[in-house]
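K.L.:
Got a structure for you, questions after.
The values are calculated or read from the model by the stated rules, or taken from the named source; none is laboratory data. Values in this document were obtained by computation on a predicted structure and should not be read as measured data. Positions of Cβ are generated from backbone atoms using ideal geometry, with glycine treated the same way; all protein chains shown enter the neighbour counts.
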Amino acid sequence: MPFLKFKKDAAIALGGQALNLQLPFGEMEVLQSNIDLIKRQLGLEEVEIFSASVPDDVTKAGPRASVLTQNPPSPGSPTAIFVNR
């Protein structure tokens, strides 16, 4: 089981902190502060970042929100939904 080995290795390297469900930084803040870099690297004119924990944001994903139940996000393991308009 690769996930368990990954977590075991992380726990050995980082101690109990590796098992925390909260990260020492805000994922949304990191994405928002790097939005210009993300647009430039992906060659996009517009990028919107939404949170899976905000019901209005999930609604904006429309039928694509089913990805969130198939591959639920967790701290350090986000789920991305890309939409071309």
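K.L.:
Take the residues in the range 66-85 that are outside any loop (DSSP other than H, G, I, E, B) and of a type in the set (A, V, I, L, M, F, W, C); name whichever of them is nearest to Asn20 (Cα to Cα).
P.N.:
Leu68
K.L.:
Next question, about the same structure. Within the range 33-48, which residues are assigned to a loop (DSSP other than H, G, I, E, B) and under 17 Å from Val83 (Cα atoms)?
P.N.:
Selection gives Gly43, Leu44, Glu45, Glu46, Val47, Glu48.
K.L.:
Inspect all residues belonging to the range 5-20 and state whether any of them is part of a helix (DSSP H, G or I) and in contact (Cβ under 8 Å) with a residue 24 or more places away in the chain.
P.N.:
no
K.L.:
Of the residues that sit in the range 45-65 and are farther than 29 Å from Leu19 by Cβ and surrounded by fewer than 12 Cβ atoms within 10 Å (Cβ to Cβ), which one is farthest from the chain's Cα centre (by Cα)?
P.N.:
Going through the qualifying residues, I end up with Glu45.
K.L.:
Can you find a residue in the range 4-20 that is out of contact with any His (no Cβ under 6 Å at 6 or more places or on another chain) and under 25 Å from Ala65 (Cα atoms)?
P.N.:
no
K.L.:
Could you look through the range 19-44, keep only residues that are surrounded by 10 or more Cβ atoms within 10 Å (Cβ to Cβ) and among the polar types (S, T, N, Q), and pick out the one that is modelled with the lowest pLDDT?
P.N.:
Ranking the qualifying residues of the range 19-44, first place goes to Asn20.
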